[in-house]
Amino acid sequence: MSRVPGNPEKARKTRWLVATLTVTAVAIAACGGGDHDENNAAGTSDAADEIARSSEQIDIGGRSLHLQCWGERVAGEPTVLLISGQGPLTSSWDLMASELAADDHYLCAYDRAGVGSSDPAPEASRTTEDQVTDLVMLLDSVDLQEPVVLAAHSLGSLPAVGLVDRAPERVAGVVLIDPWSPRLSAAQRAALPPKKPDEPPKLTDERRFLNDNLFDPAQNPEHLLLAACDDEVARLLDEPGPIFGDLPVVVLRAPPLPPLPWLPRGFHAATLAAMSDGYREFAAESTRGTLIEVEDTGHNIQDDQPEVVMDAIRDVMAG
């Protein structure tokens, strides 16, 4: 595993968020929009400010998904398809996407069902398979240059894996940005200490999140049964052979989370171990996988260190 240095100032805001969230909720709540600046385009270069932008509603069989794109199509080069974690809108990618588009690349992002300007999820309970079905219908309905390069953040890694499994011919490479491991929550549930009446309230909240919220699709706007999403993707990873095959894959990981005083040391250790195992597993699922630890960043690496993410995308596009 290699390491990429960064700018500590850019990471300060995200590190504050990480330190004030419970360990489990970082990968879900942090990607839920609290640390994204929807107006972050103000920090772009002059060239990025002048790039072409488009926004449209794409019909996928009686309902629509919102698609936003940056730049102009480049002959012979795949479109970069950005997949958000749970919560952030397509506009959360604007800083990084506009800068990369200014370097003559074409990028698109979409709001999944129930998020932003996309129509609500039709089912009361959904899983990764439903997300992948929507994504395939989206690709069928728009003129992207395929196979695409996927750049997926956090929980967006799950539908990215699902698309590679279902339609590998439509994917040219993958960048996973601090991806959510489908084995993390199970490891954390197993590491929870027995409940005590005088336990810290934040530990009780963590217990509720792991034992209740992950099994209740009403707790998120996408109606995702998150525990089932984890199980589906874990089964795909367990199948013989690397799921990404020979595709170029770059996994970017943030530094290990700091310990939090209200969580037992054993729980924190189990969390770090499961996260580290997850990063390595994703990289090992390709014969051309690379794992990079990015310094001076929080969970949202595309915000804190956008150049690192852009370099990873360029490397994957170069094959």
Being of a type outside the set (D, E, K, R), under 21 Å from LEU89 (Cβ atoms) and touching a Gly at 6+ places or on another chain (Cβ under 9 Å) is the filter here; which residues of segment 150-206 pass it?
LEU150, ALA152, HIS153, SER154, LEU155, GLY156, SER157, LEU176, ILE177, PRO179, TRP180
Of (1) in contact with a strand residue (DSSP E or B) (Cβ under 7 Å, 6 or more places away or on another chain); (2) under 16 Å from LEU237 (Cα atoms); (3) open to solvent by 10 Å² or more (accessible area, probe 1.4 Å), ARG170 fails just (2)
Complete set of residues in segment 208-221 that are open to solvent by less than 30 Å² (accessible area, probe 1.4 Å) and not hydrophobic (A, V, I, L, M, F, W, C):
PRO217, ASN220
Inter-residue pairs, beta-carbon under 6 Å, first over 15 Å from GLU232 (Cβ atoms) and in segment 113-129, second in a loop (DSSP other than H, G, I, E, B) and acidic (Asp, Glu), 6+ apart:
GLY114/GLU222; ALA121/GLU222
Considering only residues that are open to solvent by less than 60 Å² (accessible area, probe 1.4 Å) and touching a strand residue (DSSP E or B) at 6+ places or on another chain (Cβ under 6 Å), which ones fall in segment 120-141?
ARG126, LEU138
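Could you say which residue among THR128, THR204 is under 15 Å from the mean Cα position of the chain (by Cα), farther than 24 Å from SER55 by Cα and not aromatic (Phe, Trp, Tyr)?
Numbers: THR204 fails: under 15 Å from the mean Cα position of the chain (by Cα).
So the residue among THR128, THR204 that is under 15 Å from the mean Cα position of the chain (by Cα), farther than 24 Å from SER55 by Cα and not aromatic (Phe, Trp, Tyr) is THR128.
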Any chance segment 198-206 includes a residue that's surrounded by 15 or more Cβ atoms within 10 Å (Cβ to Cβ), in a helix (DSSP H, G or I) and hydrophobic (A, V, I, L, M, F, W, C)?
yes
Taking helices (runs of 4 or more DSSP H) that fall entirely within segment 245-319, which contain at least 3 residues that are open to solvent by 30 Å² or more (accessible area, probe 1.4 Å), closer than 28 Å to ASP103 by Cα and of a type outside the set (Val, Ile, Thr)?
306-318
Going through segment 254-285 in order, the residues found to be over 30 Å from SER91 (Cα atoms) and polar (S, T, N, Q) are THR271
What number goes with the only condition from (1) open to solvent by 40 Å² or more (accessible area, probe 1.4 Å); (2) touching a helix residue (DSSP H, G or I) at 6+ places or on another chain (Cβ under 7 Å) that LEU224 does not pass?
(1)
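The values are calculated or read from the model by the stated rules, or taken from the named source; none is laboratory data. Everything numeric here is computed off the predicted structure, so don't read it as measured data. All Cβ positions, even for glycine, are placed from backbone atoms using ideal geometry, and neighbour counts span all protein chains on display. Each accessible area value is taken on the protein alone, full model and side chains, heavy atoms only, with ligands, DNA and RNA left out. Shrake-Rupley method; radii C 1.70, N 1.55, O 1.52, S 1.80 Å.
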